[in-house]
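Below is one structure, written out as structure tokens; comments come after it.
The values are calculated or read from the model by the stated rules, or taken from the named source; none is laboratory data. These figures come from a predicted structure and were not determined experimentally. Heavy atoms of the whole protein, side chains included, go into the accessibility calculation; ligands, DNA and RNA do not. Shrake-Rupley method; radii C 1.70, N 1.55, O 1.52, S 1.80 Å.
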Amino acid sequence: MSYYLFVFFSYSIFIAAAVGLYKFRKINAAYHPFVFYTLLASCNELYSYIIVTRYGLSNNANNNMYVLMEALIITWQFYKW
């Protein structure tokens, strides 16, 4: 798979985040953690792309923080259900 196709597929989470933000007030409150999850994933993808391509640094710390926050949000989602 080419690099640009991989980046395009990675950024598809932005569509879900945009729709979630647009419909946030109409969504049942039990699903709000999922919207936050998509926003977190969008921020992670963007930050990872910038840190790797622009600065040439590793995104290990970023990914570790993302996994921790992801686990908390998923736990929160199960609590809401």
task: Label the stretch 34-81 by shape, choosing from rounded, prolate and oblate, from the square roots a ≥ b ≥ c of the eigenvalues of the Cα gyration tensor; if a/c is under 1.5 it is rounded, and otherwise prolate applies when a/b is larger than b/c, oblate when it is not.
output: oblate
statement: With every protein chain kept in place and a 1.4 Å probe, the chain has an accessible area per residue in Å² of 77 Å²
- prompt: If you project the alpha carbons of the chain onto the principal axes, what extent comes out on each, in Å, largest first?
  reply: 40, 24, 21
